[in-house]
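**Student:** First the structure, which I've put down as structure tokens, then a few questions once you've had a look.
No value in this document is a laboratory result; all are computed from the given coordinates. All values derive from a computational prediction rather than experimental measurement. Heads up, the Cβs are rebuilt from the backbone with ideal geometry, glycines too, and the neighbour counts pull from every protein chain shown.
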Amino acid sequence: MRKFLFGLLIFIPFLSFSQQIEKKLKVSPDVHFRMFWMSTSYSDPYKDDYALGTSLNLGTTLTYSEHWKFRVGYRIFANLWSSDLTAPDPVSGGENRYEVGLFDLLDQDDRFFGKLENLSLTYSKESWGISAGRIAINEDWINAQDGRLSPTGIEGANAWLVTDSKWKFSVWGIGKVSVRGTSEWLSVGESIGVFPVGRDPDGEASQYAGKTESDWIGIAEVAKDWEGFNLSASNTLVQNISNTLWAQGEKRWKNEQAGITWLWGVQAGFQSGLGAGGNSDPIFQYKNPEDRNWAFSTRFGYKKSAWDLHLNYTKTGGRGIWLSPREWGKDAWYTFIPRERNEGFSYLDALVAFAEYTFPNTALSAFAHFGFHWLPPLNAPSENKYNMPSYRQINLGVKYAPKSIRKLDFQLLVMNKESIGNQRLNPNQIYNKVGMIHVNGIVNWRWN
């Protein structure tokens, strides 16, 4: 692997010309640099942490005769400066949740490592195409969630077809997952349990990590856009674990005279357990095969000039708990806020407001999330997997992309979570969960 990386370092400068070696072959660089500062602070006596990390993806894309595309990329990671992320919190005994995810969760002492992130071949025509290998994904329940030093990726194949009437059909077959914050490509079953596992229905620590049996994921999706309205539906089948149906429709109304766009969106989903839920032994089970869960989410939005506003609501329920591995990306519902997820509960009521303002004649925007999330009781582990109290979350952030430097951007996010209601919390229900100030500072630069 070192020889491969060395070869890329030598080869990259020659790609700057993006020249055509022949009339049918185009060679282009594919470089992504990211630097990430993260810190989490609590009131005494809980442990504060910080980390400064960087990653660099070195790669290239070869395009042949417009239809064939070969992509390869190797990403290196470095922990430049951090607190002792492996030391437990002295009060709760809990392990660091946020900063450690910048690096290798599978070897937390490794300060410098790398992985072959992209290796794929694509053939595409105007109305259809197919890709195979290590590729990016952005589906409802499996997506990049690009909030660390590298995104989540998959190893498998994707095929798509667009009809004359503009219906788009897509299918995925997935055999391995590159979990963000890890150095390896893992089988579907192995990837479940890399992140904290929470509690089992009896209140003990879940034991499914390393014992979940699932060989593949299949996704089927259909989507169509009309003027002012778009519709999509997907089915995500995780072999031996679960099946998740998801649908979304969004309608936009434009008032050209006033310069206003109104938005209404609706999402609905149904999830059922499948097979053995990951393991025939209930002690090692990830999901109860008897689970039947539903979800509903809606959004009302307003956009005018520099302002983008929307109000979101989600409600879930059913038998058992809605589960979607946190290793595979963010929640699909409208009330998702960066730095927290709401799967793992028997029911959820969430209300989230979002506002973004783009400063006129600049490349600077500011945004805010403000959300309330009502969760099941803490003393009911069969309903509240992660022992998470109901909470209020505020995110404040800015984004800046200077026009003078192409494909360079800066992001700053400050997050605060606090419990709501009259909840008497023990240290394990505070550390990593509420009562914190969490800061992210990110620099991105791409060359492709």
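**Student:** What is the diffusion coefficient of region 208-268 in µm²/s, taking the Kirkwood radius over Cα pairs and the Stokes-Einstein relation at 25 °C with a viscosity of 0.890 mPa s?
**Tutor:** Diffusion coefficient, whole number: 171 µm²/s.
**Student:** Which one, Asn138, Ser82, Leu121, projects farthest toward the positive side of the charge dipole computed for region 77-146 from Cβ point charges (K/R +1, D/E -1)?
**Tutor:** Selected residue: Leu121.
**Student:** With each label point set 7 Å from Cα along the Cα-Cβ vector, what nm distance links Lys407 and Trp307?
**Tutor:** 3.6
**Student:** Which length gain, in nm to one decimal place, applies between Ala363 and Asn416 when the Cα-Cα distance is subtracted from 0.36 nm times their residue separation? Show your work: numbers first, answer last.
**Tutor:** Details: separation 53, 0.36 × 53 = 19.08 nm, distance 2.59 nm.
Residue separation times 0.36 nm, minus the Cα-Cα distance, leaves 16.5 nm.
**Student:** If I model a spin label at Phe33 and Asn255 as a point 7 Å from the Cα along the Cα→Cβ vector, what separation in nanometres do I get?
**Tutor:** 4.7
**Student:** How many percent of Cα pairs in region 266-358 exceed 22 Å?
**Tutor:** Details: 1606 of 4278 pairs.
It works out to 38 percent of all Cα pairs.
**Student:** Could you work out how far apart the two model spin labels at Ala380 and Trp294 are, taking each label as a point 7 Å from the Cα in the direction of the beta carbon, and quote it in nm?
**Tutor:** Simple spin-label model gives 1.8 nm for this pair.
**Student:** Calculate the translational D of region 379-448 in whole µm² s⁻¹ from Stokes-Einstein, where the hydrodynamic radius comes from the Kirkwood formula applied to all Cα pairs, the temperature is 25 °C and the viscosity 0.890 mPa s.
**Tutor:** Numbers: Rh = 14.8 Å.
Here the translational diffusion coefficient equals 166 µm²/s.
**Student:** Which one, Ile420, Ala401, Ser214, projects farthest toward the positive side of the charge dipole computed for region 30-447 from Cβ point charges (K/R +1, D/E -1)?
**Tutor:** Highest projection toward the positive end goes to Ala401.
**Student:** Ordered by residue, what ³J(HN,Hα) values in Hz, to whole numbers, does region 277-292 give under the Karplus form 6.51 cos²θ - 1.76 cosθ + 1.60, where θ = phi - 60° and Gly and Pro are x?
**Tutor:** The phi angles translate into x, x, 6, 5, 8, x, 5, 9, 6, 8, 10, 5, x, 8, 4, 9 Hz.
**Student:** Under 8 Å for C-alpha pairs, at least 6 residues apart: give me the relative contact order for region 89-184, rounded to a whole percent.
**Tutor:** Values: 154 pairs, mean separation 25.9, N = 96.
About 27 percent, as a whole number.
**Student:** With 10 angstrom as the radius, rank Ile154, Ile219, Ile420 by how many other C-beta atoms surround their C-beta, starting from the fewest.
**Tutor:** Working: Ile154 28, Ile219 23, Ile420 15.
So the ranking, lowest neighbour count to highest, is Ile420, Ile219, Ile154.
**Student:** Based on the Cα gyration tensor of region 139-214, what are the three equivalent ellipsoid semi-axes, each the root of five times an eigenvalue, rounded to whole Å and given largest first?
**Tutor:** Working: eigenvalues 183, 45, 31 Å².
So the equivalent ellipsoid measures 30, 15, 12 Å along its semi-axes.
**Student:** Related question: Would you calculate, for the chain, the mean residue ellipticity at 222 nm contributed by helices, counting each DSSP H stretch of 4 or more residues as -39,500 (n - 2.57) and dividing by all residues, to the nearest 500?
**Tutor:** It comes out at -1000 deg cm²/dmol, rounded to the nearest 500.
**Student:** Among the aspartates and glutamates, select those whose C-alpha is under 18 Å from the C-alpha of Lys69, and discard any that sit fewer than 8 residues away in the same chain.
**Tutor:** Within the straight-line limit of under 18 Å, Lys69 reaches these aspartates and glutamates: Glu22, Asp30, Glu117, Glu126, Glu155.
**Student:** Taking 8 Å as the Cα distance limit and 6 or more residues as the minimum spacing, I'd like the relative contact order of the chain as a percentage.
**Tutor:** Values: 1205 pairs, mean separation 52.9, N = 448.
With pairs under 8 Å counted, the relative contact order is 12 percent.
**Student:** So for Ser43, Ser419, fewest C-beta neighbours within 10 Å to most, what's the order? Numbers along the way, then the final one.
**Tutor:** On the way: Ser43 10, Ser419 19.
Taking fewest neighbouring Cβ atoms as first place, the list is Ser43, Ser419.
**Student:** Work out the length of the dipole vector of the chain about its Cα centre, built from +1 on the beta-carbon of each Lys and Arg and -1 on the beta-carbon of each Asp and Glu, and round it to the nearest 20 debye. If you can, show how the numbers build up before the last one.
**Tutor:** Details: 47 positive and 46 negative charges, 301 e Å.
My answer is approximately 1440 debye.
**Student:** Still on this structure: For region 305-425, taking Cα atoms only, what is the radius of gyration to one decimal and the Dmax to the nearest whole Å?
**Tutor:** Values for region 305-425 (Cα only, Rg and Dmax): 17.1, 55 Å.
**Student:** Here is a follow-up. Give me the extension gain from Leu396 to Asp215: residue separation times 0.36 nm, minus the current Cα-Cα distance, reported in nm with one decimal. The partial results should precede the final answer.
**Tutor:** Numbers: separation 181, 0.36 × 181 = 65.16 nm, distance 4.00 nm.
Roughly 61.2 nm would be gained on extension.
**Student:** Among the lysines, select those whose C-alpha is under 25 Å from the C-alpha of Lys224, and discard any that sit fewer than 8 residues away in the same chain.
**Tutor:** Output for Lys224: Lys125, Lys166, Lys168, Lys251, Lys254, Lys303, Lys330.
**Student:** So if I restrict to the alpha-carbon atoms in the chain, what is the Rg, and what is Dmax, the biggest pairwise distance, in Å?
**Tutor:** For the chain, the Cα-based Rg and Dmax read 22.4, 70 Å.
**Student:** Using the 10 angstrom Cβ neighbour count as an exposure proxy, how do Ile135, Ile192, Ile394 rank, fewest first? Numbers along the way, then the final one.
**Tutor:** Values: Ile135 20, Ile192 29, Ile394 14.
By the 10 Å Cβ count, ascending: Ile394, Ile135, Ile192.
**Student:** Need one number for region 80-175: average projected area of the convex hull over its C-alpha atoms, nm².
**Tutor:** On the way: hull surface 34.6 nm².
Value for region 80-175: 8.7 nm².
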